[in-house]
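Here the structure is laid out as structure tokens; the discussion comes afterwards.
The values are calculated or read from the model by the stated rules, or taken from the named source; none is laboratory data. Only a predicted model underlies this, so the values are computations on that prediction, with no experimental measurement involved. Virtual Cβ from ideal backbone geometry, glycine too; neighbours counted across all protein chains shown.
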Amino acid sequence: MTIEVFLDIMKNGVGLILELIVPPLIVSLIVGLAISIFQAVTQIHEQTLMFAPRIIVIFLTILFLSGWMAQKLLDFFMEMFQKYLQMI
């Protein structure tokens, strides 16, 4: 394995990780912001009010996007497998 192939694999892997984690993080940010505004308006400062909805919404986002995420991971694996076969 040459350094160029290794760097290409690492670049694609990091890009894929970022691509897969951005949607749940954005949803978490939006829900957190909405809950923070709600807490500021009502002056209710309950810690569980912040975390429980976020966890539920992140779980639902991952559940909703699981097919797309699995397809992206499968495409990455197939690309790496093809590169491995070309090196042999």
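Kindly indicate which of Leu33, Leu16 is part of a helix (DSSP H, G or I) and either free of Cβ contacts under 8 Å to residues at least 60 places away in the same chain or of a type in the set (Ser, Thr, Tyr) (or both).
Leu33
Of everything in region 50-78 that's out of contact with any Pro (no Cβ under 7 Å at 6 or more places or on another chain) and surrounded by 14 or more Cβ atoms within 10 Å (Cβ to Cβ), which residue is farthest from Ile21 (Cα to Cα)?
Restricting to residues being out of contact with any Pro (no Cβ under 7 Å at 6 or more places or on another chain) and surrounded by 14 or more Cβ atoms within 10 Å (Cβ to Cβ), the top hit is Met50.
On the given criteria, is Phe51 modelled with pLDDT under 95 and of a type outside the set (D, E, K, R)?
Yes, satisfied.
What residue, among those in region 79-88 that are surrounded by 12 or more Cβ atoms within 10 Å (Cβ to Cβ) and touching a residue at least 24 places away in the same chain (Cβ under 8 Å), is farthest from the chain's Cα centre (by Cα)?
This residue is Lys83.
Quick one: Met69 ticks every box in (1) free of Cβ contacts under 8 Å to residues at least 40 places away in the same chain; (2) in a helix (DSSP H, G or I) except a single one, so which number is it?
So the condition that Met69 fails would be (1).
Go over the candidates Gln43, Gln71 one by one and state the one that is modelled with pLDDT under 90 and either out of contact with any strand residue (DSSP E or B) (no Cβ under 8 Å at 6 or more places or on another chain) or not basic (Lys, Arg) (or both).
On inspection, the qualifying residue turns out to be Gln43.
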